[in-house]
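**Q** The structure that follows is given in the form of structure tokens.
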Amino acid sequence: MHRIMLREVIIDAPSADIDAVTSFWAAALAATPHPVPGEPYVALRGAASLPQVATQDIGDDPVPRFHLDIETDDLEAEIARLEGLGATVRARFGTYAVLTDPVGLLFCLLPPESEEFALRSATVGG
């Protein structure tokens, strides 16, 4: 048994479009953009949203997309559970992993970082 929680919706955009995408989504969600130092992310603080929202510069990749970040307190158990549901691991980076769902949509598994994790996460596995 372990815990999971959808933490964030990430709006991925090519470098050439990241400023326009960030401006659009900040205005659309009544948020204030805050670049994350040393990261390709811009947090959209105060967004009219239950999960956090951010934009991400995906460099030269020409395909804009959305992806989800899911926190888990047991990365290995959650990878195994999701693979059993049809997910595929695309990359692993120490404490987090990039996966795709059965139709190829990207999402990430991350360790718990949110203050809300203890209160809002759900127990899964068994």
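Every number in this text was worked out from the coordinates using simple rules, so none of it is lab data. No experiment lies behind these values; they were computed from the predicted model shown. Cβ: placed from backbone, ideal geometry, glycine included. Neighbour counts: every protein chain shown.
**Q** Quick query: amide H of Ile58 versus all other amide H atoms, modeled in the peptide plane; which residues come in under 5 Å with a sequence gap of 5 or more or a different chain?
**A** The list, which skips near neighbours in sequence, is Ala13, Ser15.
**Q** Here is a further query. How high is the relative contact order of the chain, in percent, with contacts defined as C-alpha pairs under 8 Å that are six or more residues apart?
**A** Relative CO of the chain lands at 31 percent.
**Q** Something else now. What does the highest-first list of 11-22, 29-40 look like by mean Cβ count within 10 Å?
**A** Result, highest mean Cβ count within 10 Å first: 11-22, 29-40.
**Q** Let me ask something else about it. Apply the Karplus parameterisation 6.51 cos²θ - 1.76 cosθ + 1.60, with θ equal to phi minus 60°, to every residue of region 20-27 and state each ³J(HN,Hα) to the nearest whole Hz, in sequence, with x for glycine and proline.
**A** For region 20-27, the Karplus curve yields 5, 5, 4, 4, 4, 5, 4, 5 Hz.
**Q** Let me ask you something else. Name the shape class, rounded, prolate or oblate, that the alpha-carbon gyration tensor gives for region 1-88, where a ≥ b ≥ c are the square roots of its eigenvalues, rounded holds for a/c under 1.5, and otherwise prolate holds if a/b is larger than b/c and oblate otherwise.
**A** Verdict is prolate for region 1-88.
**Q** Sticking with this one: Any idea what the dipole of region 2-121 comes to, in debye rounded to 20, about its Cα centre with Lys/Arg Cβ at +1 and Asp/Glu Cβ at -1?
**A** In total the dipole reaches around 220 debye.
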